Amino acid sequence: MRVLSPKNLCYRAACCWLLCLGLFILHTNCVAAENAIGRFDATHSSAPPPWQLIRFDKSAPPTNYSVKEWDGLAAVEARAESSMALLGRKVEVDLHDTPILCWRWRVEHVLKSADIHKRSGDDYAARIYLAFSLPEEVMSLTTKATLKIARSIWGKDMPDAAINYVWDNKHPIGMQVANAYTSRAQMIVQQTGNTHAGKWIEERVNVKTDVAKLFGTDKAKLFLLAIAADSDNTKENVKSGFADLHFVSEDQSCNFTPMIKYNIAKEK
């Protein structure tokens, strides 16, 4: 049996220590690269702060949100019954470091009479809403005046720009169109129709690329994220679910939590 000298023992110990340190740093960097903003706890019936109900139109009854275990996944269930409200939270996300938004969602069915082009049909079985502030220099005088008028109607919290990733009823995936109420909110059809209704769908989008394309700047600051199901215009009833919302870097995979029941359709 070979006996190691004290010098060799110290050398090997140092190598082991450096290796462990390297693995720790690598693990820390991987964790830091993920910004988890929507992982829920099914032991609580409601989403905890900083999540809160956001109502733009107080005349419409609010959508009901609750936290539950759904197919072995801790998720927010949204029930819209001729109602409208967002469940949202303020966020601090550096879109240069972590521009990729990942999430899971599902709908029981789409809204039959919704129409993305009309105010009377501006409803969705599920949507992800992102609000941004923009640099002053990229907004024209007309845009600033439009926002001033809009804020006098809808409130001071109306953002400079917004993107909605929606589960539409009939339009093709990838379609981009201005919101029926304001061009400051852009709609992107992420899922459509009932083909995948009743299944959890995994999504991955590049928010930095989308906001630059739609609003002409890569310096937009994301400050709020919300989930929603709304049917105040169509007067229909719909149920949907949301889970595992998190941001990652462009070269990182989405980090979805394991499910007990595997009825999930992988779309991306």
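None of the figures in this text is laboratory data; all of them are computed from the coordinates on show. All figures in this text were calculated on a predicted structure; none of them were measured in a lab. So basically every Cβ, Gly included, is an ideal-geometry build from the backbone, and we count neighbours across all protein chains shown.
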Taking the Cα centre of segment 35-266 as the origin and placing charges on Cβ (Lys, Arg +1; Asp, Glu -1), which of 226, 117, 259 is farthest toward the positive end of the dipole? 117
Among 85, 107, 73, the residue whose Cα sits farthest towards the positive end of the charge dipole of segment 35-266 (+1 at Cβ of Lys and Arg, -1 at Cβ of Asp and Glu, taken about the Cα centre) is 85
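May I ask you to derive the FRET efficiency for residue 195 and residue 41 from their Cβ-Cβ distance with R0 = 51 Å, giving the value to the nearest 0.05?
E(calc), rounded to 0.05, equals 0.95.
Treating only the Cβ of Lys, Arg, Asp and Glu as charged (+1, +1, -1, -1), what charge dipole size does segment 35-266 show about its Cα centre? Round to the nearest 20 debye.
That gives segment 35-266 a dipole magnitude of about 440 debye.
Taking neighbour counts of Cβ atoms within 10 Å as a proxy for exposure, in what order, fewest first, do 82, 253 appear? Don't skip to the answer; put the middle values down first.
Working: 82 16, 253 10.
So the residues, fewest neighbours to most, are 253, 82.
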Magnitude of the charge dipole, segment 160-268, Cβ model with Lys/Arg +1 and Asp/Glu -1, debye to 20: 100 debye
